[in-house]
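The values are calculated or read from the model by the stated rules, or taken from the named source; none is laboratory data. None of these values were measured; they are calculated from a predicted model. Neighbour counts are summed over all protein chains in view; Cβ atoms, including those assigned to glycine, are modelled from backbone coordinates with ideal geometry.
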Amino acid sequence: MKKQLYTLGLLLAISMGQAQAQEADRVVTASAGGQASLTGGYSLDFTVGEAVIITSGSNPVFTHGFLQPFFTETLPVELLGFTGKAYEGFNLLSWKTSSEKDNSHFVVERRISEDIYEQLGTVPSKAKQGNSDTLMNYNFRDLHFESGTNYYRLQQVDFNGKSKYTEVVAIQSLQLAAQELWVAPNPVDGSSKLYVKGNIGVSANAQLIDLSGKIIKEIRIASAATLIDMSTFSPGIYLLRYTDQFQKKTLRLIKP
């Protein structure tokens, strides 16, 4: 029996020596096991689980058993979620990180066709020098979304230029009531008013444009009736271009 145990121990030592002879890496797996001849014409096939060499500092350490390979490197950015919600006047995109490593910024993108996205804006990392192990909250407002369903994705960018994308988020945008626009009086004698029937978007504005395409006046629209002073304008035909996040419409004005 001592001879049998001696033989088994010798085979184990050989297997350990072979495993230690391999080049040490963070995790290196090596097979271990063998066959022992016993008295009476019997033989014993055996394995010693999974032999592993683990680098601890500069010293390779041998172990055996059912040790699974492991990785200690942390993910650059641990993103907890990317969500969106529609409000009247804007779409709100929100996300959180539980940890960040070498994180430079985020880019919010909106889909404009089947596989094409446009960049809406950049949100810098709140973490000091891009590194944090605490919860960080982020958000972005899209004030110029399209009517209907809008699709967004988030790109996370490291300082070294590497990046990754989130899953796409769909937001069904809230619709304002249908608008009616008109100018009275028209033709314009000195001044006139732009009338808006229906809700007015938060980004509503108008531009007066001459027939050469030159913008000659910017007008902020904040009420249902907005004064348009054309008393100093030369006689002719002008275009009034109204814009908010839901529509664009152009009206023709005549200055006699």
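Residue by residue, here is whether (1) out of contact with any helix residue (DSSP H, G or I) (no Cβ under 8 Å at 6 or more places or on another chain); (2) modelled with pLDDT under 80; (3) of a type in the set (S, T, N, Q) holds:
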position: Ser58; (1), (2), (3): yes, yes, yes
position: Phe62; (1), (2), (3): no, yes, no
position: Glu78; (1), (2), (3): yes, no, no
position: Tyr87; (1), (2), (3): yes, no, no
position: Phe106; (1), (2), (3): yes, no, no
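Counting only residues that are of a type in the set (Val, Ile, Thr) and within 37 Å of the chain's Cα centre (by Cα), which one in the range 203-246 is nearest to Gly148 (Cα to Cα)? Spell out how you get there, then give the answer.
Applying the first criterion (of a type in the set (Val, Ile, Thr)) to the range 203-246 yields 209, 215-216, 219, 221, 226, 228, 232, 237, 243.
Then drop every residue that is not within 37 Å of the chain's Cα centre (by Cα), which leaves 215, 219, 221, 243.
Details: Ile215: 30, Ile219: 27, Ile221: 24, Thr243: 17 Å.
The residue in question is Thr243.
Pairing each residue of the range 199-214 that is assigned to a loop (DSSP other than H, G, I, E, B) with any residue that is among the basic types (Lys, Arg), provided the two are 6+ apart or on different chains, yields C-beta distances under 8 Å for Ala204/Arg220.
So, in the range 177-198, of the ones that are under 41 Å from the mean Cα position of the chain (by Cα) and surrounded by fewer than 16 Cβ atoms within 10 Å (Cβ to Cβ), which residue ends up farthest from Pro235 (Cα to Cα)? Don't jump to the end; show me each part of the working.
Restricting attention to the range 177-198, the residues satisfying the condition of being under 41 Å from the mean Cα position of the chain (by Cα) are 177-181, 194-198.
Retained after the next criterion (residues that are surrounded by fewer than 16 Cβ atoms within 10 Å (Cβ to Cβ)): 177-178, 180, 195, 197-198.
Details: Ala177: 35, Ala178: 33, Glu180: 27, Tyr195: 22, Lys197: 28, Gly198: 31 Å.
If we take residues in the range 177-198 being under 41 Å from the mean Cα position of the chain (by Cα) and surrounded by fewer than 16 Cβ atoms within 10 Å (Cβ to Cβ), then Ala177 is farthest from Pro235 (Cα to Cα).
How many of the residues in the range 88-106 are under 25 Å from Leu174 (Cβ atoms) and buried (at least 17 other Cβ atoms within 10 Å of the Cβ)? The number of residues fulfilling the criteria is 6. Taking the listed residues Thr122, Thr83, Thr149, the one that is under 30 Å from Ala204 (Cα atoms), in contact with a His (Cβ under 6 Å, 6 or more places away or on another chain) and β-branched (Val, Ile, Thr) is Thr122, with no other qualifying.
Looking at Thr226, is it of a type outside the set (A, V, I, L, M, F, W, C), touching a residue at least 24 places away in the same chain (Cβ under 8 Å), surrounded by 11 or more Cβ atoms within 10 Å (Cβ to Cβ) and in a strand (DSSP E or B)?
yes
If a residue has to be surrounded by 15 or more Cβ atoms within 10 Å (Cβ to Cβ) and small (Gly, Ala, Ser) to count, how many in the range 107-127 make the cut?
2
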